[in-house]
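Below: the structure, in structure tokens.
The values are calculated or read from the model by the stated rules, or taken from the named source; none is laboratory data. No experiment lies behind these values; they were computed from the predicted model shown. Note that we place each Cβ from the backbone using ideal geometry, even for glycine, and neighbour counts take in every protein chain shown. Side chains included, ligands, DNA and RNA excluded: accessible areas come from the protein's heavy atoms. Shrake-Rupley method; radii C 1.70, N 1.55, O 1.52, S 1.80 Å.
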Amino acid sequence: MNAADAPAQARPVEVDLGPHRFRIASNYFDIERGQDAQGFMRLILRWPELAPLPPGVHYLSGGESERIRNIDISPTYLDRVPPQTRLDREWISNVDSEQELRENPTLNPELRIKAAPVDGLTPYYTDFAKVDAYYLKRYGKQDLPATDRHSLFNNDWFVARDADGTLTTIIKCTAREEPDGARIVDGRLELLDAPRLPSCSHAFLLPKYGTYVQVSYLRLFMRDWQRIEQRIRAIFDDGHIGDAPRR
């Protein structure tokens, strides 16, 4: 085998989250270069193994059946806003109008349908009867983009809190009215003949690193939310090589 035929090898890449420094293998990153000039980084794992792609394999490779197994991870160090404040804003929307926060069924958690726990999370489903009534009252019609069952505004919410009631995880997924578009059979993902693939946006914190983490994946993978969080924490804990001295 000559050098041109040799398989690609992962190499260590140094990145930072504020003063916290890490050394992580290059194949964990979307373009295998770590951070860009602005400090942004994105990591990719694939379900169900939650392993990185082999070195040299592009994260969009392998066709749709492979790409939809991607778990997209974007950590952000927060130096101006406390991480808990940033997470809490996912729960209470940053909207200027107090009236809208109080009356809009998609923004006010108390107007959502709180249900029995699912996979260790408390659901707050979108109440579309209230959504339709709200927009009918406000605009005189309900056939609006804001009432679309597929709209991001109408995501279902799932939350976890610690023993003190502090928000620790919030996951917003395509509303349950939208069929899955895929299924898991014997631990394998199978695509169905559906026009859409519902997804989730998952937020949590790495408190020791002052970091807010945003994760996106197929809605079917939400059942593994704890495993996903544990895996991401392990990547950064295992890769931590020290902190820059305080000035």
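Within segment 21-35, if we keep just the residues that are in a strand (DSSP E or B) and aliphatic (A, V, I, L, M), the residue that is surrounded by the most Cβ atoms within 10 Å (Cβ to Cβ) turns out to be ILE24.
Residue-by-condition table, conditions (1) open to solvent by 60 Å² or more (accessible area, probe 1.4 Å); (2) at pLDDT 95 or above:
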{"position": "ASP148", "(1), (2)": "yes, no"}
{"position": "ALA160", "(1), (2)": "no, yes"}
{"position": "PRO179", "(1), (2)": "yes, no"}
{"position": "ALA182", "(1), (2)": "no, no"}
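The C-beta contact set for segment 173-189 (first residue of a type in the set (Phe, Trp, Tyr), second residue part of a strand (DSSP E or B) and open to solvent by 40 Å² or more (accessible area, probe 1.4 Å), distance under 8 angstrom, 6+ apart or interchain) is empty. Being within 30 Å of ARG138 (Cα to Cα) and in contact (Cβ under 8 Å) with a residue 12 or more places away in the chain is a description that does not apply to SER97.
Would you point out the residue of segment 77-98, among those that are within 17 Å of the chain's Cα centre (by Cα) and open to solvent by 50 Å² or more (accessible area, probe 1.4 Å), that is nearest to GLY18 (Cα to Cα)? Selected residue: TYR77. Restricting attention to segment 137-167 and to residues that are assigned to a loop (DSSP other than H, G, I, E, B) and among the polar types (S, T, N, Q), the residue that is nearest to LEU50 (Cα to Cα) turns out to be ASN155. Picking from residues in segment 198-218 that are out of contact with any helix residue (DSSP H, G or I) (no Cβ under 8 Å at 6 or more places or on another chain) and open to solvent by 40 Å² or more (accessible area, probe 1.4 Å), the one that is nearest to THR76 (Cα to Cα) is GLN214. Answer yes if at least one residue in segment 123-132 is under 23 Å from the mean Cα position of the chain (by Cα), of a type in the set (Phe, Trp, Tyr) and surrounded by 13 or more Cβ atoms within 10 Å (Cβ to Cβ), and no otherwise. Taking every residue of segment 123-132 in turn, at least one turns out to be under 23 Å from the mean Cα position of the chain (by Cα), of a type in the set (Phe, Trp, Tyr) and surrounded by 13 or more Cβ atoms within 10 Å (Cβ to Cβ). Is one or more of the residues making up segment 72-95 in contact with a Phe, Trp or Tyr (Cβ under 6 Å, 6 or more places away or on another chain) and not in a helix (DSSP H, G or I)? Scanning segment 72-95, I find at least one residue that is in contact with a Phe, Trp or Tyr (Cβ under 6 Å, 6 or more places away or on another chain) and not in a helix (DSSP H, G or I), so the answer is yes.
Would you tally the residues in segment 48-61 being at positive phi and either surrounded by 15 or more Cβ atoms within 10 Å (Cβ to Cβ) or part of a helix (DSSP H, G or I) (or both)?
Start the filter on segment 48-61 by keeping residues that are at positive phi, which leaves 50, 56.
When the remaining residues are screened for being either surrounded by 15 or more Cβ atoms within 10 Å (Cβ to Cβ) or part of a helix (DSSP H, G or I) (or both), the result is 50.
Total satisfying the criteria: 1.
Do you know which residues across segment 155-172 are farther than 13 Å from LEU218 by Cα, in contact (Cβ under 8 Å) with a residue 12 or more places away in the chain and of a type in the set (A, V, I, L, M)? Across segment 155-172, the qualifying residues are VAL159, ALA160, LEU167, ILE170. ILE170 meets all of the listed conditions (1) at pLDDT below 95; (2) touching a Phe, Trp or Tyr at 6+ places or on another chain (Cβ under 7 Å); (3) not basic (Lys, Arg) but one, namely (1). Collect the residues in segment 36-47 that are farther than 23 Å from GLN226 by Cα and open to solvent by 40 Å² or more (accessible area, probe 1.4 Å), keeping them in residue-number order. Listed by number, the residues that qualify are ASP36, ALA37, GLN38, PHE40.
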